[in-house]
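Only one structure is covered here, and it is reproduced in the block below.
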Amino acid sequence: MRVAYVSTDPGISPTGTKGASIHMRAILGALLRMGAEVTLFAPPSRAPLPEDLAAVTWVPLPKPAKGAPEVRERALIAANACLAQAMEDHGPFDLIYERHALFSDAAMQFGAARRIPSVLEVNAPLLEEQRRHRVLQNSDEAAARARSSISAADRIIAVSDAVGAYAEGFGARSVKVVPNGVDADRFAVPPGFRPPFTLGFVGTLKPWHDVACLIDALALVRRSVRDARLLVVGDGPERPALEAQAREGGLVDAVDFHGAAPSQDIPALLARMHVGLAPYRGGDPFYFSPLKIYEYMAAGLPVLVSDRGNMRDVVLPPRAGAVVPPDDPAALAEAIVHLAQNPSVGRARGQRGRAHVIRTASWDHVLRASLDGLPLPSVLAA
C-alpha cells in the first residue's frame, strides 16, 4: 500500500526537535507499522531520518527561499507546481496524508483530481497565527490556497474543536477531531522523584507558553519548599526576558534554562522532574493539543495545566493531575506545594496518567482514528 506524506512548511523539519517534528515522525512510524510503503515529500534536511524510519523514501522539495517575506511567500506558491510534478513522478498512491502548511494546496488538489483518498492534518489556524505573530504579505493568496486545500480534502484531522471550526470556515467537507498522542515506550524509565523538588516545563519559549507565570509561582513555592527548582527545556524569543525575570527575583540558582534538546534526550530530562507543567495565558486564543502533556503523562509525571480549551478533559478523567486558573501564580504555587508535601499523590497521579495514555493515546491509536471510515485498502483500514 503506497502512501504519500506531504509537509511543505520550511520551518518544520522531519528531523527537528520541535513538537511538530516529533508529530511528523510519529505519524510516519505509525504508517510503517500499519504496513504502508511511505514516500515523504518535504524540504531537505542536513540530518537523515532516524533508523526506525529508514524504510521511508524521502523526496526533497525545493530548498526554502531566503530573503524578504514577499520573496519567501512567492517561492512557497511556486513550489506547488514542483510538488505536483514530484507526486506524479513517484506515484501512484493509495492515500495522500498532508500536514497543512501556508500556501500549499497541490497535494490535496492532486488527490481530488485523481480520486485518491486524502487526509489533511490541521494543527493550528495558520493564517491567524501568521498574521498575529509573524508577517503575511500575500494574505488573499494564502487564504485562497487554504480554502483550495481544505475544501479538496476528503477528511480534515483537527487537533482540537477550535481548529476544526477554523477548517470548517474554509470549506472543510468532513472534520474529525483527533488530539495528539505519544510513544509511551520512549518513556519507559520512571521518574526518580529524587530531591531537589523539580518543576518541569518542555516547550518553545513563546509568550503564550506562560513560563513567566511559572517563575512567579516558583518564588511563592520556595517559601514552603526551600529546595524547589524549575527546569526549563526549550528555547525561543522569550528566553532573555525570562532569564532577566529570574535574576530580578533572586532565582538565578533555582531556574535551569537547559535550552532545546533533541527528542532522544527528553525522557531523561523528564525523569529529573517531579511535576510537568503546561501554563497558558488567559487572554490568548487557545486551540492547542499540547504534546508536552501526553509526554508528561507517559513519563509517569503528575501534570498541572491551565484551565484552557479542553485541558481539563485530558487531565481530569484519568485523575492524572489538576487544572489551575490561568494567569494566577498563587493558585499554581498552591497546587505545586500540595504535590511537594504529598509525594504519594504525585506518584499515584503519574501512574494513572501513564496507564491512560498507553491505553488510549498511542500514535497508532491516533492514526487509526484519523483513517477510520475512509475508503482505503485493508492494510490501512484495519
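Descriptive notes on the structure:
- Where H23, H90 fall by accessible area, highest first, once all protein chains stay in place (1.4 Å): H90, H23
- Potential extension, R173-K63 segment - 0.36 nm per residue separation minus Cα distance: 36.4 nm
- Each Cα pair under 8 Å and six or more residues apart adds its sequence gap; the mean of these over the residue count of the chain is a relative contact order of 15 percent.
- Checking every one of the trypsin sites (Lys or Arg not before Pro) in region 51-96 against DSSP loop status and a limit of 16 other Cβ atoms within 10 Å picks out K66.
- When you filter the trypsin sites (Lys or Arg not before Pro) in region 274-366 for DSSP loop state and at most 15 other Cβ atoms inside 10 Å of their Cβ, you are left with R319.
- Annotation: amide H of L40 within the under-5 Å range of Y5, T57, W58, V59, sequence separation 5 or more or interchain, hydrogens built in the peptide plane.
- Taking every C-alpha pair closer than 8 Å and separated by at least 6 residues, the mean separation divided by the residue count of region 145-258 gives a relative contact order of 20 percent.
- Measuring between alpha carbons in the structure, the pairs from K66/K206; K66/K292; K18/K66 lying more than 26 angstrom apart are K66/K292.
- For region 272-287, 3J(HN,Hα) computed residue by residue from phi via the Karplus equation (6.51, -1.76, 1.60; θ = phi - 60°) reads 7, 8, 9, 8, x, 10, 9, x, 9, 5, x, x, 8, x, 10, 9 Hz, glycine and proline entered as x.
- Estimated at 0.36 nm per residue, the fully extended path between Q137 and Q85 surpasses their Cα-Cα distance by 16.1 nm.
- The length gained on full extension between D253 and S45, counted as 0.36 nm times the residue separation minus their Cα-Cα distance, comes to 71.2 nm.
- Peptides 174-187, 47-60 ordered by average Cβ neighbours within 10 Å, highest first: 174-187, 47-60
- Couplings 3J(HN,Hα) for region 52-58, derived from phi with the Karplus relation 6.51 cos²θ - 1.76 cosθ + 1.60 (θ = phi - 60°), are 5, 10, 4, 6, 6, 8, 9 Hz, where x marks Gly and Pro.
- Most to least packed among 268-279, 34-45 [average Cβ atoms within 10 Å]: 268-279, 34-45
- Relative contact order of region 191-339, taken over Cα pairs closer than 8 Å and 6 or more residues apart, is 28 percent.
- Three-way shape call for region 86-224 based on the alpha-carbon gyration tensor, with the a/c threshold at 1.5: prolate
- Computed helical MRE - 222 nm, the chain, DSSP H runs ≥ 4 contributing -39500 (n - 2.57), nearest 500: -12500 deg cm²/dmol
The values are calculated or read from the model by the stated rules, or taken from the named source; none is laboratory data. Keep in mind it's a predicted model, so treat the numbers as computed, not measured. Neighbour counts are summed over all protein chains in view; Cβ atoms, including those assigned to glycine, are modelled from backbone coordinates with ideal geometry. Remember, those area values only see protein heavy atoms, side chains included, never the ligands or the DNA or RNA. Shrake-Rupley method; radii C 1.70, N 1.55, O 1.52, S 1.80 Å.
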